[in-house]
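As structure tokens, the structure follows; a few thoughts come after it.
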Amino acid sequence: MTILETIFKDHQPLKLLNLTYLRYKSFARFWTHNGAAMSQEIPGPLNSLVGDCRGLVLDIGPGTGELLKRFNPEGITAIYGVEPAADLHTGLLKNAQEAGFGEKYHALLCGGEPESLIPALHKNGILSTSGTNEDGIFDEICCLRVLCGVPQPEATIKGLYTLLKPGGRMVICEHVVNPWRTEGRIDARVMQFVYSILGWPFFLGGCEMQRHTGEFLRKAGVVTGANKGIGLAIVRQLALQYPKSPLHSGPFLIYLTARDQGRGEAALKDLHDDVQLKKAKALKSDGGESEIRYHQLDITDRKSVESFAAHLKQEHGDGVDFVINNAGIAMNGFDANIVKTTLGCNYYNTVEACHMFLPLLKPEGRIVNVASMSGHLNKYADDIRNRFLAAKSESDITSIMKDFASAVEAGKEKEAGFPSAAYAVSKAGLIGATKALARAEEEKGSKILVNACCPGYVNTDMTKGNGTKSPDEGAQTPVLLALADIKGTTGGFWQHEKPIEW
């Protein structure tokens with residue numbers, strides 16, 4: 001019918017060549033006839049959520065405005081409806097009047113994606129001339145059954161959050177891909193697939209039934225070895241710094257992982273009682289966006305790593321945003337057994353964990369390996385240092401680690417050009433493997449960033465209380481590498497929040 005109307009009623013046959021026009025025209029026709037019926041059934045909590053909207057409101061994809069009657073006009077100073085289908089605007093404005101909005105309602109002919117929305121807001125005088133507003137603009141942003149249809153959901157959600165005032169609300173109601181493996185139904189999942197094949201997204205405004213919309217609304221990161229010291233401080237600083245970071249675009253889930261369940265859960269409790277976090281209202285329990293969960297993880301136990309990886313794959317179908325590998329050991333003494341154990345955890349197991357986590361990252365995810373300045377190459381003979389610097393692959397670095405272990409077994413590590421320090425060599429190996437892994441990802445065309453860092457000489461159990469920096473100070477560089485805009489830097493060794501020479 002849309003094609004016939006375009007040819008015989010509108011007399012514009014050439015518009016059939018414009019797929020965007022056809023898509024919006026088809027959706028407008030469908031929604032005009034079915035929107036009212038489809039808007040009757042909504043989740044119970046949504047009535048109170050939209051009814052409580054106050055101040056300046058941005059309504060994304062209102063269609064013909066069937067849900068406007070659920071808002072309370074008295075608490076709203078103005079509401080801007082973002083609707084890209086021009087044919088729906090007449091019905092939208094009519095329903096806005098009937099809902100009692102009068103001159104408070106304004107319809108914008110644009111989409112919710114930043115490249116369409118920002119110019120429209122600027123044109124209508126809502127956005128400053130610079131096109132940005134650090135303090136946000138809107139008190140409430142409503143996305144009611146619309147994020148399933150935006151072309152680039154993650155970028156759109158991130159853009160919308162930049163328009164939200166501090167303390168403002170994002171009210172979201174979306175359908176998601178049917179979770180048939182858990183509480184969903186396989187027949188419903190099959191029908192989603194069938195409808196998608198038959199062209200549902202094209203004719204229904206881009207609606208993707210198989211989209212993991214929930215994942216786009218939640219950021220997630222992992223910190224290993226996080227029950228104390230630097231790891232615990234990293235978790236705290238992630239929650240504190242996330243709201244003002246470039247990553248910010250919705251709820252944030254941080255996995256605090258540790259080998260021992262008792263210690264991990266105790267650390268979690270400490271964070272929920274943390275003065276800094278409560279003052280900042282950073283955690284979900286205090287009205288913030290960050291949620292911290294404990295999960296058991298021992299990187300020296302392959303089954304433990306596999307179990308956690310399986311959990312991440314199930315819970316985060318579109319991937320997590322970053323992994324900070326902080327878990328490590330520093331043992332007293334020096335002999336072959338200490339070298340074997342230290343290299344095992346700090347080098348081999350950490351590198352293996354990197355490979356387990358890589359497929360679980362989002363396309364632009366990050367790996368941060370917490371190393372140490374003890375891994376600097378000034379402690380090695382020239383030939384060993386040159387081998388480190390010339391290494392192109394992980395196998396090149398592993399070969400150096402094996403030579404070190406063999407030299408220690410023979411009691412000739414110094415003659416071979418190595419320091420008599422298991423921890424230092426393990427961290428040099430980790431830095432080298434980080435650089436190799438980053439290079440391999442780059443060569444594949446991956447946008448995943450892989451970096452290593454030194455937190456500094458931090459006052460922790462590992463330094464026997466002799467450190468000169470607090471754990472929170474030591475956490476700054478790892479957190480920066482996870483959250484900040486580092487301009488695509490990968491394969492770097494960082495300290496004091498900047499890249500340094502190895």
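Here are some notes:
- Approximate shape of the stretch 324-444 as ellipsoid semi-axes (Cα gyration tensor, √5λ), whole Å, largest first: 25, 16, 11
- Residue-count net charge about VAL425 - beta-carbon cut-off 9 Å; Lys, Arg +1, Asp, Glu -1: +1
- In sequence order, the stretch 65-79 has phi-based couplings of x, 5, 8, 5, 5, 8, 7, 10, x, 5, x, 10, 7, 6, 9 Hz under the Karplus curve 6.51 cos²θ - 1.76 cosθ + 1.60, θ = phi - 60°, and Gly or Pro positions carry x.
- Listed pairs LYS158/LYS427; LYS278/LYS427; LYS427/LYS498; LYS269/LYS303; LYS303/LYS498; LYS228/LYS278 exceeding 30 Å between Cα atoms: LYS158/LYS427; LYS278/LYS427; LYS303/LYS498
- Convex hull volume of the Cα atoms of the stretch 403-484, normalised per residue: 114 Å³.
- The packing ranking of peptides 318-329, 483-494, highest mean first, is 318-329, 483-494, where packing means the average number of other beta carbon atoms within 10 angstrom of each residue.
- log₁₀ of I(q)/I(0) at q = 0.14, 0.28, 0.29, 0.30 Å⁻¹ - the stretch 249-311, Debye sum with one point per alpha carbon: -0.47, -1.11, -1.15, -1.19
- Per-peptide average of other Cβ atoms within 10 Å, ordering 352-358, 54-60, 447-453 highest first: 447-453, 54-60, 352-358
- With neighbour counts taken as other beta-carbon atoms within 10 Å, the residues VAL235, VAL351 rank, fewest first, as VAL351, VAL235.
No lab work stands behind these numbers, since they all come straight from the coordinates. Small disclaimer: the values here were computed from a predicted structure and weren't measured. For neighbour counting, all protein chains shown are included, and Cβ atoms are generated from backbone atoms with ideal geometry for every residue, glycine included.
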